[in-house]
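One structure is given here, and the rest of the page talks about it.
The values are calculated or read from the model by the stated rules, or taken from the named source; none is laboratory data. Because the structure is predicted, anything quoted here is derived from the model rather than measured. Methodologically, a virtual Cβ is constructed for each residue, glycine included, from the backbone with ideal geometry; neighbour enumeration extends over all protein chains shown.
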Amino acid sequence: MHPFLRNLVIGAVGLLIAGGLSAIALLPEGSDSGLSILAMLASGVIATVTGLFLFVQGWIWSQRAWQHGSAGRSMAIAVAGGLMILVAAVALAGAVVLVLLFYLG
């Protein structure tokens, strides 16, 4: 499997799992807020780890493209890696804000 496709699959699966945990945490089915808090925090951690992994992979591939003399490709990969670190930061911040708003109030 090509490394780009592998990273795309890892990113999609990680974000789908994080989204599923967020949905489970926000279900109004039970009154067990401890489980909801754990699911929401696990969602944030999984999304953050996924974003960090993709950022590191983007950094590695950007450096490799730069060393091979492809400045444009290197810059595009670096921008994509920067977007992944933003996704990680927003996921973690969103999980913390949701926990603070809905469960610790």
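It is to be established whether one or more residues within the range 69-77 are in a helix (DSSP H, G or I) and touching a residue at least 24 places away in the same chain (Cβ under 8 Å).
If we filter the range 69-77 for residues that are in a helix (DSSP H, G or I), which is where we start, we get 71-77.
Then keep just the ones that are touching a residue at least 24 places away in the same chain (Cβ under 8 Å); that gives none.
Looking through the range 69-77, none of the residues is in a helix (DSSP H, G or I) and touching a residue at least 24 places away in the same chain (Cβ under 8 Å).
Of the numbered conditions (1) modelled with pLDDT of 90 or more; (2) surrounded by fewer than 16 Cβ atoms within 10 Å (Cβ to Cβ), Phe102 satisfies every one except a single condition; which is it?
Every listed condition holds for Phe102 apart from (1).
Go through the range 47-81 and count every residue that is surrounded by 14 or more Cβ atoms within 10 Å (Cβ to Cβ), farther than 19 Å from Leu5 by Cβ and not polar (S, T, N, Q).
The total comes to 5.
Could you please find all residues in the range 1-56 being of a type in the set (A, V, I, L, M, F, W, C), part of a helix (DSSP H, G or I) and farther than 18 Å from Val96 by Cα?
Answer for the range 1-56, where residues must be of a type in the set (A, V, I, L, M, F, W, C), part of a helix (DSSP H, G or I) and farther than 18 Å from Val96 by Cα: Phe4, Leu5, Leu8, Val9, Ile10, Ala12, Val13, Leu16, Phe53, Leu54, Phe55, Val56.
Any chance you could count how many residues in the range 16-40 are in contact (Cβ under 8 Å) with a residue 40 or more places away in the chain and surrounded by fewer than 18 Cβ atoms within 10 Å (Cβ to Cβ)?
Counting residues in the range 16-40 that are in contact (Cβ under 8 Å) with a residue 40 or more places away in the chain and surrounded by fewer than 18 Cβ atoms within 10 Å (Cβ to Cβ) gives 3.
Is it the case that Leu5 is at pLDDT 90 or above and exposed (fewer than 13 other Cβ atoms within 10 Å of the Cβ)?
Answer is no for this residue.
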